[in-house]
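The values are calculated or read from the model by the stated rules, or taken from the named source; none is laboratory data. These numbers were taken from a predicted model, which means no experiment stands behind them. Backbone-built Cβ (ideal geometry, glycine too); neighbour counts: all protein chains shown.
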Amino acid sequence: MSAELEAEPTFVDKFPEEARIIRAAMWGSFLALTLGAIFGIIQTLHRTGLARPFSSVDYYTFLTAHGVFLVISFTIFFLVGLFTWAVVRSLDRPLLNTKITWTWYGMMAVGMTMTGISILAGFTSRIDMSADVLFTFYAPLQAHPLFYTGLVVFIIGTWVAGADWFRTWLAWRDENPGERIPLQTFMVLTTMIMWYIATLAIAASVLLFLLPWSLGLIESVNPTLTRTLFWFFGHPVVYFWLMPAYMLWYTVLPKIAGGRLFSDPLARVVFVLFLLLSTPVGIHHQYLDPGIAEGFKFISMTNTMFLLLPSLLTAFTVVASVEYGARRRGGTGIFGWLRALPWRNPAFTGMMLAGLMFAAGGFSGMINAGLNINYMIHNTIWVPGHFHLTVGTAVALTFMAGAYWLWPQLTNRPLYSPQIGLAQVVLWFIGMALMSNAMHAQGLLGVPRRTAEPEYAGFEYPMAFGGFEELNLQLAIGGTILFVSTVLFIANIVITSWSPKASGLARPLPPALSGPEDAPKVLDNLRLWVGIALVLVFLAYALPLAGIISNSGVFGTGAGTYPVWIDVPTAVAERALAVVTGVTATLVNAVTGVFTL
Amino acid sequence: MAGSETASTVTGEMNPPGDGEPIHEDAETEEFDPIGTLALIMTYFAILVIAWVYVYFIEFLSRDLTVIG
């Protein structure tokens with residue numbers, strides 16, 4: 001008992017109610033991860049032709065479920081938990097009112113359940129509901145209204161979460177006048193400002209166009225407009241996933257390595273740059289969209305290249321912080337210090353492998369970002385190959401590694417098996433290396449993405465770095481390893497939650513080598529950054545949006561709605577009408593011809 | 001940093017079980033020069049440059065010119 005009293009209190013000891021909310025959010029995240037992994041392996045085996053127990057007709061349902069559950073539910077539930085931890089920990093004060101906290105958690109849970117039901121209902125014809133619109137929900141693909149309503153409720157939940165953290169920070173500021181914003185809170189606040197700006201577009205797209213359209217209140221939408229609004233949100237959302245991972249790399253990884261963050265000011269600069277630059281680049285997802293002038297695409301490409309800067313700054317700062325830890329552990333030499341790092345710790349190895357994969361993702365990302373070279377890989381499986389390195393590994397693997405580090409401090413239960421954890425993160429790396437490599441290589445052969453049966457009769461893909469079938473096998477093996485890795489992760493976390501409690505699990509974070517006192521005060525001027533971010537967004541989007549609307553109107557020119565079905569009587573009537581019209585025209589021509597003779 | 005982060009946490013590194021290598025506390029006062037980081041980043045750029053050259057050979061020289069319009 002005395003040892004327990006002496007031990008430093010863990011997060012759950014200090015803030016039990018907040019820890020409960022964080023655990024609830026993370027359980028939501030892990031549930032989504034489990035479902036996403038199941039749909040993932042089904043797709044992997046299906047599209048490679050190794051096992052097709054389900055009809056190809058259901059492929060879009062599996063793909064939508066895989067995408068939405070993983071990139072919306074798994075990532076965002078985890079990050080709201082992480083952000084709550086970061087704000088409470090770095091301000092060292094409880095949230096103002098946990099009723100509000102439970103409210104936003106409830107809204108997110110209800111919203112995601114609604115969206116999830118609308119997607120899963122697509123598997124059965126007994127319920128007249130489906131949402132096989134994929135994660136991007138492009139019009140004219142149309143989902144059941146429940147899909148869009150659920151998304152709206154979910155996103156409003158995240159807005160309330162942001163307000164909850166801002167209010168807690170404002171209360172802290174009143175109690176600590178003149179103090180710099182603690183780094184982790186600074187990261188949360190800048191990320192949330194970016195999120196507010198980004199989600200305005202998707203809220204407009206859903207509330208003004210897609211939801212009324214799916215309810216039948218308006219006839220048609222302008223697909224280019226709703227796509228553009230989607231990507232206004234769709235690119236910053238990748239930073240919404242990534243910035244929590246960056247937060248773990250900046251603030252937790254150096255500590256696990258035995259060191260300290262190299263530079264607090266550089267970390268702040270990076271987060272400000274992401275706030276400014278992550279939104280005015282969305283058009284780089286639309287390089288092949290007609291209806292947007294090439295000049296706007298070029299501006300978007302230039303902004304995107306600037307966006308590489310904060311990631312390169314991160315590579316420097318994080319690696320330097322880890323190197324500092326290695327030197328403190330006695331590491332020497334130009335590369336020899338790498339051996340001194342705690343590679344047996346799953347949290348460390350997971351985050352380092354995630355960072356390494358992100359560096360590889362940077363290579364394919366630069367191809368994607370180039371206006372001309374993007375044409376080679378557009379709509380091929382290269383693109384999923386790329387984002388399985390970024391969100392699928394840099395983010396997902398960092399979150400899993402972060403969970404190994406954080407979960408014991410949220411539960412007072414030590415991780416059930418660090419050895420299984422280590423095997424799990426290494427398996428993820430190997431599985432993803434195989435799967436993503438095969439996807440990139442197939443993409444260069446022209447194999448399309450989002451396709452249940454990418455093999456075509458009478459057509460063979462050209463040979464390059466291995467045949468189509470060989471790459472399929474590599475893809476399937478990689479996907480299977482990833483599934484096994486997910487099962488190990490979930491099992492480890494579940495068993496940990498049943499393990500006996502222990503003391504001494506607190507892991508306090510050290511301050512940076514170069515602290516906030518070295519950072520210019522202007523970095524904490526959030527109003528200034530909001531202003532500049534809005535100006536940049538206006539510059540990047542005002543003219544393209546005006547052009548899209550003036551070309552084909554706010555509600556489009558009446559494009560059809562998909563999924564559509566052919567109404568047999570109407571088709572027959574139309575065919576008959578066409579024949580009658582044709583015969584009449586011939587007769588009229590003949591008669592008028594006679595008269596003009 | 002927040003008031004919660006006191007100087008005692010600077011040296012208060014507690015590694016998880018099985019990861020208890022000694023930490024050279026005296027090294028902390030030394031001037032830290034991240035040359036290892038520079039070496040890794042230079043390696044990254046070298047790979048990047050090689051990859052770009054590779055793309056040029058694979059994607060352009062091995063195929064016929066595509067002229068649109």
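What the table shows:
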| item | result |
| --- | --- |
| Single unsatisfied condition, A:TYR375 versus (1) more than 11 Å from chain B (Cβ to nearest Cβ); (2) among the aromatic types (Phe, Trp, Tyr); (3) assigned to a helix (DSSP H, G or I) | (1) |
| Answer residue from the stretch A:102-135, given it is under 23 Å from the mean Cα position of the chain (by Cα) and polar (S, T, N, Q) and is farthest from A:PHE54 (Cα to Cα) among those | A:THR113 |
| Residue within the stretch A:467-480 that is crowded, with 21+ Cβ neighbours inside 10 Å, in the same structural domain as A:SER263 (by TED's automatic domain parsing) and under 26 Å from A:LEU253 (Cα atoms) present | no |
| Filter result for A:TRP104 (of a type outside the set (Gly, Ala, Ser) and either within 14 Å of chain B (Cβ to nearest Cβ) or surrounded by fewer than 18 Cβ atoms within 10 Å (Cβ to Cβ) (or both)) | no |
| Residue check for A:PHE298: of a type outside the set (A, V, I, L, M) and either closer than 23 Å to B:PRO34 by Cβ or touching a Ser or Thr at 6+ places or on another chain (Cβ under 8 Å) (or both) | no |
| A:GLY295 being free of Cβ contacts under 8 Å to residues at least 40 places away in the same chain and either within 23 Å of A:PHE399 (Cα to Cα) or assigned to a helix (DSSP H, G or I) (or both) | yes |
| Search result, residues across the stretch A:46-102 that are outside any helix (DSSP H, G or I) and either within 29 Å of A:MET243 (Cα to Cα) or of a type in the set (Phe, Trp, Tyr) (or both) | A:PHE54, A:ASP92, A:ARG93, A:PRO94, A:LEU95, A:LEU96, A:ASN97 |
| Selection status of A:ARG450, assigned to a loop (DSSP other than H, G, I, E, B) and within 14 Å of another protein chain (Cβ to nearest Cβ) | no |
| Verdict on A:VAL88 being assigned by TED's automatic domain parsing to the domain that holds A:GLY392, at pLDDT 95 or above and under 23 Å from the mean Cα position of the chain (by Cα) | no |
| Of the criteria (1) closer than 22 Å to A:ARG89 by Cβ; (2) more than 14 Å from every other protein chain (Cβ to nearest Cβ), which one A:GLY234 fails | (1) |
| Subset of the stretch A:367-377 (residues that are touching a residue at least 60 places away in the same chain (Cβ under 8 Å) and more than 19 Å from A:PHE468 (Cβ to Cβ)) | A:ASN368, A:ALA369, A:GLY370, A:LEU371, A:ASN374, A:TYR375 |
| Matching option when the condition is in a helix (DSSP H, G or I), over 24 Å from A:VAL318 (Cβ atoms) and within 14 Å of chain B (Cβ to nearest Cβ), among A:LEU488, A:LEU475, A:LEU444 | A:LEU444 |
| Single match in A:THR224, A:THR228 (criterion: surrounded by 21 or more Cβ atoms within 10 Å (Cβ to Cβ) and in contact with a Phe, Trp or Tyr (Cβ under 9 Å, 6 or more places away or on another chain)) | A:THR228 |
| Spans of helices (runs of 4 or more DSSP H) in the stretch A:193-273 with at least 2 residues farther than 30 Å from A:ASN345 by Cα and in contact (Cβ under 8 Å) with a residue 24 or more places away in the chain | A:211-214, A:223-251 |
| Qualifying residues in the stretch A:266-289 (those that are farther than 28 Å from A:LEU353 by Cβ and either of a type in the set (Phe, Trp, Tyr) or within 14 Å of chain B (Cβ to nearest Cβ) (or both)) - the one surrounded by the fewest Cβ atoms within 10 Å (Cβ to Cβ) | A:LEU288 |
| Any hit, the stretch A:74-81, residues being surrounded by fewer than 22 Cβ atoms within 10 Å (Cβ to Cβ), closer than 30 Å to A:ARG507 by Cα and not small (Gly, Ala, Ser) | no |
| Complete set of residues in the stretch A:350-372 that are more than 11 Å from every other protein chain (Cβ to nearest Cβ) and over 16 Å from A:ASN437 (Cα atoms) | A:GLY350, A:MET351, A:MET352, A:ALA369, A:LEU371 |
| Filtered residue count, the stretch A:497-512, keeping only those that are within 13 Å of chain B (Cβ to nearest Cβ) and outside any loop (DSSP other than H, G, I, E, B) | 0 |
| Flag if A:PRO342 is outside any helix (DSSP H, G or I), at negative phi and crowded, with 19+ Cβ neighbours inside 10 Å | yes |
| Contacts under 6 angstrom Cβ, first residue in the stretch B:35-52 being at negative phi, partner among the acidic types (Asp, Glu), 6 or more apart | B:GLY36/A:GLU323; B:THR37/A:GLU323 |
| From A:THR115, A:THR98, A:THR103, A:THR149, residue being in contact with a Leu (Cβ under 9 Å, 6 or more places away or on another chain), assigned by TED's automatic domain parsing to the domain that holds A:LEU31 and within 23 Å of A:ILE22 (Cβ to Cβ) | A:THR115 |
| Of residues in the stretch A:136-193 being under 18 Å from the mean Cα position of the chain (by Cα) and within 14 Å of chain B (Cβ to nearest Cβ), the one nearest to A:ASP264 (Cα to Cα) | A:MET187 |
| Criterion: within 14 Å of another protein chain (Cβ to nearest Cβ) and of a type outside the set (Val, Ile, Thr) - qualifying residue of A:ARG93, A:ARG52, A:ARG126 | A:ARG93 |
| Of all residues making up the stretch A:332-343, the number that are facing another protein chain (nearest Cβ under 8 Å) and more than 16 Å from A:LYS255 (Cβ to Cβ) | 5 |
| Residue match in the stretch A:173-182 (condition: crowded, with 22+ Cβ neighbours inside 10 Å, touching a Phe, Trp or Tyr at 6+ places or on another chain (Cβ under 8 Å) and over 27 Å from A:GLY40 (Cα atoms)) | yes |
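Conditions tested, residue by residue: (1) in a helix (DSSP H, G or I); (2) closer than 16 Å to A:MET351 by Cα; (3) free of Cβ contacts under 8 Å to residues at least 24 places away in the same chain.
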| site | (1), (2), (3) |
| --- | --- |
| A:PRO384 | yes, no, no |
| A:LEU389 | yes, yes, no |
| A:ALA396 | yes, yes, no |
| A:GLY402 | yes, yes, no |
| A:LEU406 | yes, yes, no |
| A:LEU410 | yes, no, no |
| A:TYR416 | no, no, no |
| A:ILE420 | yes, yes, no |
| A:VAL425 | yes, yes, no |
